[in-house]
Amino acid sequence: MAESVLKEILPPITEAQRRSLWRRIWEAVQLPALALFTAFVVGGLIIALSDFKVLEALADTSRRLNPIGYGLLILTAVVLVGGIAISRRPEIILNRLGFAATGRQSRWFNLIAVVLTLVAVIGLLVIIGFGHVLALAWSAVISAYGALLEGSLGNPAQIIAALQSGDARALALAFYPISESLVASTPYIFAGLAVALGFRCGLFNIGAEGQLFIGALTSVFVGYSLTGLPAIVHIPLALGAGALGGALWGFVPGFLKARVGAHEVINTIMMNYIAFRLSEWLLNGPMKRPGAVPVSPFIAEAAQLPRFFPDPIRFHLGFFIALGMAAFVWWFLFKSRWGFEIRTVGANPNAARYAGMNIAFNIILAMCLSGALAGMAGANEVLGVNYNLANAFSSGYGFDSIALALLGRSHPFGVVLAALLFGTLRSGGTRMQNVAQIPIDIIIVVQALVIAFMAAPGIIRAIYRIVKPREGEVVFTRGWGR
Amino acid sequence: MAATTLPTTTPRYTQAQLAAMAERRRHRIIGILMVLLGFAGFALFAVNADPAAVSTFGLNTGRTAAFRLGDLVVPTQATVIVLSSLCLFIGGYQFIRGFGKSTNAIFGLIILFFIASFLVWATGDKSINLAAMINSTLLRAVPLTLGALSGVMSERAGVVNIAIEGMMLSGALVATIAGSVTGSLWVGVAAAVLTGVLLSLFHGVLSIRYKVDQIISGTVINIFSVGITSFISAKFLSEFPQLNNPGTFRSEPIPVLSAIPLIGPILFDNNFFTYAMFVLLIVIHIALFYTRWGLRTRAVGEHPKAADTLGINVFRTRYTAVLLSGALAGFAGAYFTLGSVGRFDEGMTAGRGFIALAAMIFGNWTPFGAFGAALIFGFADSLQSRLAILNVPIPSQFLLMAPYIATMIALAGLIGRTTPPAADGKPYEKQ
């Protein structure tokens, strides 16, 4: 009954509106997807150009070039530049040819121009004799990215074989890469949520790394100094200590921002280094386990996050806690009054002020929560994976999370997806390094490019000729002063 | 954030009165700090000093060609007491009467006294080479100053540059490779400068053309630099060590000046980078504050709209400043490989770009202020490496934290307000 009444009152849903949902999803996804794709293409270029075999073959072939070859090489360059020029401004050509250049037409023309240019350039290079160089480059990229995939998701044939045999050990080995990816994703979810929450309040929390360190320190301290507690008490206590430590590290820059207007970027950077030195001192002094190595003692067994499968699978409860935190952050940001205030302060501080919101309080709250989330990332690593704390244990989770929050568009669900992606990249990168001899650092380069493309959608739009969406871009932070 | 409260009633004081009150409060706080430093000097150093001990300071660097000086020997406890009392008296005067405009200079002096009394106490019954220590302070301040100059350059034009760290790291790597391949250190320096310029061009295009948040665009460069330098280092430098052996600039004593006792070996017996730093300091100071170009650059950083109205090309001015900033940062990067150790190691800048940024803030966005801050930070660094010899019960990590904590205090406006260029960090939208 009610439904039919609603149908009477509400205007009928048009075909355009029904499409608009899919359109909206596509609009939300296309930019991150294209940014990732482009970043990987650039990464592939770097891999190919730094491959010894490729470089040798390139030098060898170039040495044997004859004048005709040089001529063709120049022709190739002309074709490449011309093709790019044409694909940048298809309207001019189309108008010359007598078409009224509509968006659709020029887009098709653009695609054809790009494909033709690529085919022509590759064809010319093969004719000149660079064919095997291209083949080598291609195989270098494929083997690198193949190893990356296999290291992160596992070998499909191995997985199928293990499933058919049902052997526990084979299963564990087959699913080990996936589980490692999930383990690596877990701190990313926490830290990514931390940075995203900051962004929502107009704060750029570069300090996630330091907050993560402090969180790890406090939670490992609670983990090893308390003994005899049941797990149900000890785990929340240790996790909470981590969150508290991180929150404290986020509070200081938040307080300074709110009270004296000191920019949080500088202060969080400074707090990062203070945290590094502090942990260095603690692990070399008060918190050092007897022995030569600067490592903390192991945490009590009751403080360890439970693992679900026997060794070597390290998949642990932290993953689900992280997902729970993502859901909580979503609820907090979009369904609670506090979250609404935080988002208002982030979107338009003046409006928030005139609506009577306490800006100082919201900034401090956002920084504390952000720090707490980052601290939980550290606690999670200590309680779920390492069981103790060594110097420089994090190796960049906090910094990567900036890229991640941008890729996830500062939305908790987006952050989870981006974190899963970054976790797989991280765990697969190790295999890529061992098998394909590609230093894992290429992933950092890819991440930097992802940030650049996500922050400057104009570049991606210019490359792929995408029309700007109606609503404006998200503003992340403001300038230095106040 | 002073403007958080709504202006509901008519204000009781005028803006000028409020500013004067804030200034008086600031002077009081500084006075209290000075007195506290004096008390700290008594409590920490004078009480713990052995009355019979003497502190010995060497005044000659090892390789000096200058006229050699005898060691400076002072009674430990007496000196500490004198220095701490000075802190107390000057601080008391500051609290009651105030030094007015020279407050900051006096405060610097007091900090110097405090550091001196710490040193005298720490060297009780031991000896330390003061000249060598000052020299190493200066050396450690060189990359910080160059990096800070890079920051001053771009931020004065209104573009935040937190990518100093990344530009230095890339510059260091490229300098070592170019220097090793060509066998010429000068080519290495030029290549490093060029690298900085390229990265800053990227920064400029992102932040000026695409109006990306300048902090994010700087972060991109930092992360990218870490990735690409580690990648190249792991892929090529470990495979071909001959690519990572450019040699270093030797120290070139300036003929007459280096023979002056004490300051000769400290100031005039250094390598190319130190001299270049002094020249750049003076050149940039004059260029920014005494030329038409500098006035325009600063105008663009303070009020781009007004500058635009007066016919200054905001975008071009900003690009110029950002590219110069990149060149400076790249040059600073070359110091790490060509000016000091002569090889590249992964992550070798180790956060010095951020300390340079801190020095720039501490120095209130001026070249000489940044140099002063860089000297303080360089001193903390150089002291930290000598703590083990002095056997002082302070963990070296705390001294390494000092620059960061000092910057946060400075930024909090506790000791005088730092005033960034008004339009710093704001993309300019031409109407």
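With the convex hull built on the Cα atoms of region A:222-337, state its orientation-averaged projected area in nm². Before the final figure, lay out the partial values.
Details: hull surface 42.3 nm².
Taking a quarter of the hull surface, the average projection is 10.6 nm².
Using the reciprocal of the averaged 1/r over all distinct C-alpha pairs, how large is the Kirkwood radius of region A:36-180 in Å? Provide the component values of the computation, followed by the final result.
Working: mean 1/r = 0.0528 Å⁻¹.
Kirkwood hydrodynamic radius for region A:36-180: 18.9 Å.
Would you mind calculating the gained length between B:Lys430 and B:Tyr290 on full extension (0.36 nm times residue separation, minus the Cα-Cα distance), in nm to one decimal? Show your work: numbers first, answer last.
Working: separation 140, 0.36 × 140 = 50.40 nm, distance 2.76 nm.
Gain on extension, B:Lys430 to B:Tyr290, equals 47.6 nm.
What does the charge add up to near B:Gln214, with Lys and Arg as +1, Asp and Glu as -1, over the other residues with Cβ less than 10 Å from its Cβ? Mind dumping the intermediate values first?
Values: positive: B:Lys211, B:Lys426; negative: B:Glu155, B:Asp213, B:Asp424.
In short, -1.
Sorted by average packing, counted as other Cβ atoms within 10 angstrom per residue and highest first, what order do A:335-345, A:261-271 take? Walk me through the intermediate numbers first.
Working: A:335-345: 17.5, A:261-271: 25.6.
Order by mean packing, descending: A:261-271, A:335-345.
Select from B:Leu199, B:Leu83, B:Leu18 the residue whose mean-square fluctuation is largest in a Gaussian network model of chain B (Cα-Cα springs shorter than 10 Å).
Maximum fluctuation in the GNM of chain B, among the listed residues, is at B:Leu18.
Accessible area of region A:302-354 with a 1.4 Å probe: how many percent of it is carbon plus sulfur? Present the calculation step by step, with values, prior to reporting the outcome.
On the way: 1860 of 2800 Å².
So the carbon and sulfur contribution to the accessible surface is 66 percent.
Trypsin sites (Lys or Arg not before Pro), restricted to region B:177-283: which are DSSP loop and have at most 14 other Cβ atoms within 10 Å? Kindly include the intermediate steps, with their values, before the conclusion.
On the way: sites: B:Arg209, B:Lys211, B:Lys235, B:Arg250; in loops: B:Lys211, B:Arg250.
Passing sites in region B:177-283 are B:Arg250.
May I ask what percent, to the nearest 5, of DSSP beta bridges between residues of the protein assembly as shown are antiparallel?
Values: 9 of 12 bridges.
Taking every DSSP beta bridge with both residues in the protein assembly as shown, the antiparallel ones total about 75 percent.
Pull out the extension gain between B:Ile263 and B:Phe39, defined as 0.36 nm times the separation in residues minus the alpha carbon to alpha carbon distance; nm, one decimal. Provide the component values of the computation, followed by the final result.
Working: separation 224, 0.36 × 224 = 80.64 nm, distance 3.20 nm.
Residue separation times 0.36 nm, minus the Cα-Cα distance, leaves 77.4 nm.
For a label point 7 Å from the Cα of A:Val81 along Cα→C-beta, name the residues of region A:121-148 whose backbone N is under 17 Å from it.
Within reach of a label on A:Val81, which here means backbone N under 17 Å from a point 7 Å along Cα→Cβ, region A:121-148 contributes A:121.
How much FRET efficiency would the formula 1/(1 + (r/R0)^6) give for A:Arg337 and A:Ala157, where r is the Cβ-Cβ distance and R0 is 51 Å, rounded to 0.05?
Using R0 = 51 Å, I get an efficiency of 0.45.
To test your reading of the geometry: what angle, between 0 and 90 degrees and rounded to tens, separates the Cα axis of helix A:67-88 from the longest principal axis of chain A?
60 degrees
Which log10 I(q)/I(0) values does the protein assembly as shown give at q = 0.06, 0.09, 0.10 Å⁻¹ under the Debye formula, counting every alpha carbon as one identical point scatterer?
-0.48, -1.09, -1.33
Quick one: among B:Ser170, B:Ser325, B:Ser340, which has the greatest mean-square fluctuation in a GNM of chain B with alpha-carbon springs under 10 angstrom?
Judging by the Gaussian network model, the answer is B:Ser340.
Calculated FRET efficiency, A:Gln30 and A:Val233, Cβ-Cβ r, R0 35 Å, to nearest 0.05?
On the way: r = 48 Å, r/R0 = 1.36.
For R0 = 35 Å, the calculated efficiency reads 0.15.
Before anything else, pin down the relative contact order of chain B: Cα pairs under 8 Å, at least 6 apart, normalised by residue count, whole percent.
24 percent
How big is the Rg/Rh ratio for chain B, C-alpha atoms only, Rh by Kirkwood, two decimals? Walk me through the numbers before you get to the answer.
Working: Rg = 23.6 Å, Rh = 23.5 Å.
Checking Rg against Rh, the ratio lands at 1.00.
Counting residues in region B:261-365 as N, plug N into 2.2 N^0.38 Å and put the Cα Rg over that result.
Values: Rg = 17.1 Å, N = 105, 2.2 N^0.38 = 12.9 Å.
Working it through for region B:261-365, the quotient is 1.33.
If I take R0 = 51 Å and measure r between the Cβ atoms of A:Val435 and A:Tyr354 in this structure, what FRET efficiency does the formula 1/(1 + (r/R0)^6) give, to the nearest 0.05? Don't skip to the end; give the middle numbers.
Values: r = 59 Å, r/R0 = 1.16.
E between A:Val435 and A:Tyr354, to the nearest 0.05, is 0.30.
In degrees from 0 to 90, rounded to the nearest 10, what is the angle of the helix A:397-407 Cα long axis to the longest principal axis of chain A?
50 degrees
Rolling a 1.4 angstrom probe over the protein heavy atoms, how many square angstrom per residue are accessible across the protein assembly as shown?
On the way: 41520 Å² over 913 residues.
Value for the protein assembly as shown: 45 Å² per residue.
Considering the options A:Leu21, A:Asn350, B:Ala116, tell which one lies farthest towards the positive end of the dipole of the protein assembly as shown, charges being +1 on Lys and Arg and -1 on Asp and Glu at the Cβ, about the Cα centre.
A:Asn350
Would you mind telling me the share, in percent, of accessible area of region B:198-345 contributed by carbon and sulfur at probe 1.4 angstrom?
The value for region B:198-345 is 67 percent carbon and sulfur by accessible area.
Please report the antiparallel percentage of DSSP beta bridges with both residues in chain B, rounded to the nearest 5. Before the final figure, lay out the partial values.
Numbers: 7 of 10 bridges.
Counting only bridges with both partners in chain B, antiparallel ones make up about 70 percent.
How long are the semi-axes of the ellipsoid equivalent to region A:265-315, from square roots of 5 times the Cα gyration tensor eigenvalues, in whole Å, largest first?
Numbers: eigenvalues 168, 71, 17 Å².
Ellipsoid half-lengths, sorted descending, are 29, 19, 9 Å.
At the nearest 100 Å², what buried accessible area, both sides summed, do you get for B and A when the probe is 1.4 Å? Let's see the in-between values first.
Values: alone 21080 and 25160 Å², together 41520 Å².
The summed interface area works out to 4700 Å².
Between rounded, prolate and oblate, where does chain A land on the alpha carbon gyration tensor, with a ≥ b ≥ c its root eigenvalues, rounded for a/c under 1.5, else prolate if a/b exceeds b/c? Let's see the in-between values first.
Values: a/c = 1.84, a/b = 1.31, b/c = 1.41.
Verdict is oblate for chain A.
Give me the angle, in degrees from 0 to 90, between the Cα long axis of helix A:156-165 and the longest principal axis of the Cα atoms of chain A, rounded to the nearest 10.
Roughly 60 degrees, rounded to the nearest 10.
The values are calculated or read from the model by the stated rules, or taken from the named source; none is laboratory data. As the structure is a prediction and not an experimental result, all values here were calculated from the model. Every residue, glycine among them, receives a Cβ derived from its backbone with ideal geometry; neighbour counts consider all protein chains shown. When the accessible area is computed, the model is the full protein with side chains, heavy atoms only, and any ligands, DNA or RNA have been set aside. Shrake-Rupley method; radii C 1.70, N 1.55, O 1.52, S 1.80 Å.
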